[in-house]
Structure formats: structure tokens, C-alpha cells
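The values are calculated or read from the model by the stated rules, or taken from the named source; none is laboratory data. In this text the structure is predicted, and so the values were computed from the model without any measurement. All Cβ positions, glycine included, derive from the backbone under ideal geometry; neighbour counts span all protein chains shown. In case anyone asks, the SASA skips ligands and DNA or RNA and just uses the protein heavy atoms, side chains included. Shrake-Rupley method; radii C 1.70, N 1.55, O 1.52, S 1.80 Å.
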Amino acid sequence: MAYDNLLEQTLAHAQRFLDSLPTRPVGATASLEEVRQAFDHPLPDNGIGSSRAIEELATRADPGLVASAGPRFFGFVIGGSHPAALAADWLTSTWDQNTGLYVISPTAAVLEEVAAKWLLELLDLPRQSGVGFVTGGQMANFTCLAAARHAVLKEVGWDVEAEGLIGAPTVYVLVGRDAHVSILVALRFLGLGGERVRHVDTDDQGRMIPADLVRVLNDCDGPTIVCAQAGDVNTGAFDPFSEITAAVHEHGGWVHVDGAFGLWAAATPSVQHLAHGMSDADSWAVDGHKWLNVPYDSGIAIVRDQDAHRAAMGVSAAYLIKSAGAERDNVDYTPEFSRRGRGIPVYAVLSALGRNGLIAMIERCCSHARRLRRQLIQDAMVKPLNDVVLNQVLVRFEPPQGDPDEFVRAVVRNIQQEGTCWLSGTRWRGREAMRASIVNWSTTQDDIDRSAEAILRVAHDTAKRS
Ligand SMILES: *Cc1c(COP(=O)(O)O)cnc(C)c1O
């Protein structure tokens, strides 16, 4: 048949790559020039056939691949692929279901319906909420904020889906000073402006200060949306949700929570206190491809008012066969029309782990983060910058002499080159810092110990050379 041995051949490549993850250098080993040389040849007039195309693709790709799916990648907030999620993702591609409408994939529709129900239970969010499986946190923020825009404008008699924003009443959007940039991008896409937001002051961990929120709210005379955060991308800190939701609802506004990675705290008894009051918000964004360890692309938009969610995202056209009754048409919950079955690997990983397995994975990562911090700050050169409340570790290195910011940048660069682990830098309160994010199901205590040893060794080597 048409596939011959192609899938076995591909499986062998996949297996080799997965087997290499714990031991290969974490960063890419090839330069831009080398990666280009591997691929950038003239478009062929005659193809080389599937088998050779896959052979070349797999072998040439390797030096430019980053082991971000592996156990010692701590950059940004990335996450790997849990085996069940990866396997389900293969099947999702194989089945090639268009997941927009019930009629073209009853299985995909029901899997997303059940995955949605499980997620609401795990995160203890209102069970009647709308749930959309989108590409990531940014699009989850976009989807939730589109529902927010609908609802706050409807409240003042404006139909934003029909009329757009031209001539509409002013919508006030409040964000904490440490809001994730994807919130601002989502606002930009929605015509609400990424820079016309009003800022609420934050404390030393990046948490919104409720008194300042009240001060800013008092200036907003009309439809209002407040974007809060569960899990600051640098510190892991959570906004004080109880105070925020009380103040905003009193004002008649909508509270959105960006919980790209932090929302999972709500499922986890030992860190649940961070999410206290969060379920009183109106919408929540979370990633599957970060801490749930589902392959890209996977984000989840959750909206308490299902009607607002569907009003903002829903689609109808004469040629579409929309369900009239109990069936779920996924197209009504996401910005996309045709799309892959993103809920399928979410279902599979939740089914593989169960509630307890998920809790264990989250707690393991949090405990690794505390361990990493402990080991790093034993060295006098390392200064802690955050309270490790979740899975994010933020530190600075103080050099014996010279510019501290330049030194931190050099250390981060050298760690990335050394290859034991991979972390990224950031700026925190005006100074350079190094951040580590522990979100991978496969990271072990030994990975943390080896990484801490390598980080400190590289920092001292960098100091000697500077
Ligand atoms: C990663 C992240 C996002 C963006 O999510 P993507 O999946 O990369 O689109 C938004 N907010 C926070 C807090 C994040 O950590």
C-alpha cells in the first residue's frame, strides 16, 4: 500500500530522538548557516519520494533541534510531551478529523466535550462554562477577551459582533503592570488597543495591589474588563483573586484570568491556596502544551457565560450542517473554522494520569523548583529574587567585579552553550535575571542536581574569565 514501510521508518526516527532527550546537549548544536545548508536547496522539479524525503528530513533536522521536550530544558515556560499525549497526537494526525462540526467527527466532538467537562472538574471552575480548544495561551486570552468584549458592551446596549468598535462606547481595560505580553497582543487583535490599557500597580512579586486596582477602577465610567494573572511568567506569583473579583464585580466589570501555566494550581491541593477566589472570575485561559505536557498547539479558553462565549465565536452559514440539539459544534468555541482535534491529546493525557497522576506531576515540578533554588542560593554568588510559590525560580548572579547585568547575560549565554541544561534570562525590576521554569513530566531530582551543579560551575568559570 501507499505507506509501505514509511510509518515504521518514521517510528524508528521518533524513537531515536526520544531516546536521545535525556543525554543530548539541550540546546541546538548547529549554527544558522548549518541549519540553512541542511534544508535550503532549490525547489525540486521531481520529488524524491516519501521514504527519502522523510529520511532526509529526520537526519538533517537533528542538529538544529532543541531538546525542549527533555528533562533539563527550563527556558521560558515550555513543557514536554507526556507519552500518552504524544501517542494520541499521532493518532489525531492519522485520523485527520476536521474538528469544527459534530457532523464531520462525532468522536472528536464528544472527546472535546468530555475533556472540557474533566477540565472544569479538575480546575474547579463553573461546570456550565464554555470551553474552547485553541492553539495556545495567547489565543485562549484572545477568545476569553472576545467574550468579555461582547458581554460588557451588550450590557450597555451595543452589539459588537454586528457593529464592531467604530462608534462604540469606550471599553476600559485594566491590566497589572506585570501582565503577560500575550494579553496586550490579544487586546490589540480585538481592537481594544495594546497600549491604551490602564495599569494597576504590582508588588515585588508582580501581584496586583488591590488598593491600586480600586483607585484605577474608580476612574472607569463604563464597560470594564480587568485582566488578572495566575502565575507570573517570571516569579510564578498569583494575583489576589478574592479581592480583585469582589472589587471588579462590585463595579459591574468582567474579570479575566491569564493562567497559562498557573491555572493548574487549582487542581493541586498543596498549592490550591494560590488560586483562592479564582473561580469567581468570568473567564480563564490555560495552556495544554505547557504544564499538561501535551504537544503543540494546545490552549484552552474557558468562559463562565457560555452564551457570551458562543456569541463571540459562533458561526453559522447556509451550507454548514450545524447541530440543532445536544451535539457540540466545536467551531462555536474557537476562532478557527477547520482545525485539528486538539482536545484528543488532552483527553488522553488526563485519562492516562488521572486526577492523582496530574497532581503528582504538578507537585513534583514545584518540589524540583524549590530544590533548584535551595542548591543555587547555597552559593554566595547567587541572589534569590522570588518566593518560589510554584514552579518558577528567579535569581541573579553577583560578579566579583564588573557590570552585574552584563555578567548575568554572559552566565545565561554560557549555560546555554554548555548544554547540560537550558535556561533563559529576563529583566526583573530593572535588572537582568535568570529564570528557570520546571514544567516537564520527565524531570527527575537527579536532573535538578546535575543542572544546579552545571549552572554554578559555569557561573564561576564565567567570573574567572571576566
Ligand atoms: C506562555 C504564556 C502565555 C502565552 O501562551 P502561549 O501558549 O505561548 O500562546 C500567556 N500568559 C502566560 C502567563 C504565559 O506563561
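Which of the listed residues, 341, 81, 241, is farthest toward the dipole's positive end in the chain, when Lys, Arg count +1 and Asp, Glu count -1 at the beta-carbon? My answer, from the dipole projection, is 81. The range 1-53 and the range 365-388 have their alpha-carbon centroids 38 Å apart. In plain terms, the bigger the Kirkwood radius, the slower the diffusion; for the range 193-295, with that radius from Cα pairs, at 4 °C and 1.567 mPa s, Stokes-Einstein puts D at 92 µm²/s. Have a look at the DSSP beta bridges in the range 86-350 and tell me what percent are antiparallel, nearest 5. Looking only at bridges with both residues in the range 86-350, the antiparallel portion is about 45 percent. With R₀ set to 45 Å, the beta-carbon distance separating residue 338 from residue 40 gives a calculated FRET efficiency near 0.90.
Computed over protein heavy atoms with a 1.4 Å probe, the carbon and sulfur contribution to the accessible area of the range 86-350 reaches 51%.
Relative intensity of the range 86-350 on a log10 scale, I(q)/I(0) at q = 0.07, 0.08, 0.12, 0.13 Å⁻¹, equals -0.23, -0.30, -0.68, -0.79, per a Debye sum over C-alpha point scatterers of equal strength in the absence of solvent.
The convex hull defined by the C-alpha atoms of the range 4-68 has an orientation-averaged projected area of 5.0 nm².
Distance distribution note for the chain: the fraction of Cα pairs above 43 angstrom is 18%.
With the Kirkwood sum run over all distinct C-alpha pairs, the range 46-166 has a hydrodynamic radius of 18.9 Å. For the chain, complete DSSP H runs whose alpha carbons reach 15 Å or more along their own long axis and whose mean Kyte-Doolittle score is -1.0 or higher are 6-20, 50-61, 83-95, 106-122, 137-155, 343-377, 404-418, 445-465. For residue 20 and residue 444, the FRET efficiency from 1/(1 + (r/R0)^6), where r spans their Cβ atoms and R0 equals 25 Å, is about 0.90. Taking label positions 7 Å along the Cα-Cβ direction at both residue 403 and residue 221, the computed distance is 4.8 nm, reported to one decimal. With a simple spin-label model that places each label point 7 Å from the Cα along the Cα-to-Cβ direction, the separation between residue 466 and residue 356 comes to 4.8 nm. Using only side-chain charges placed at the Cβ, +1 for Lys and Arg and -1 for Asp and Glu, the dipole size of the range 86-350 relative to its Cα centre rounds to 500 debye.
The distance from the alpha carbon centre of the range 403-466 to that of the range 121-189 is 36 Å, rounded to a whole number.
Under a model in which nothing but the beta-carbon of Lys, Arg (+1) and Asp, Glu (-1) is charged, the chain shows a dipole of about 860 debye around its Cα centre. Taking every DSSP beta bridge that has both ends in the chain, the antiparallel portion is near 60%. Solvent-accessible area of residue 55, all protein chains in place: 70 Å² (probe radius 1.4 Å, heavy atoms, ligands and nucleic acids excluded).
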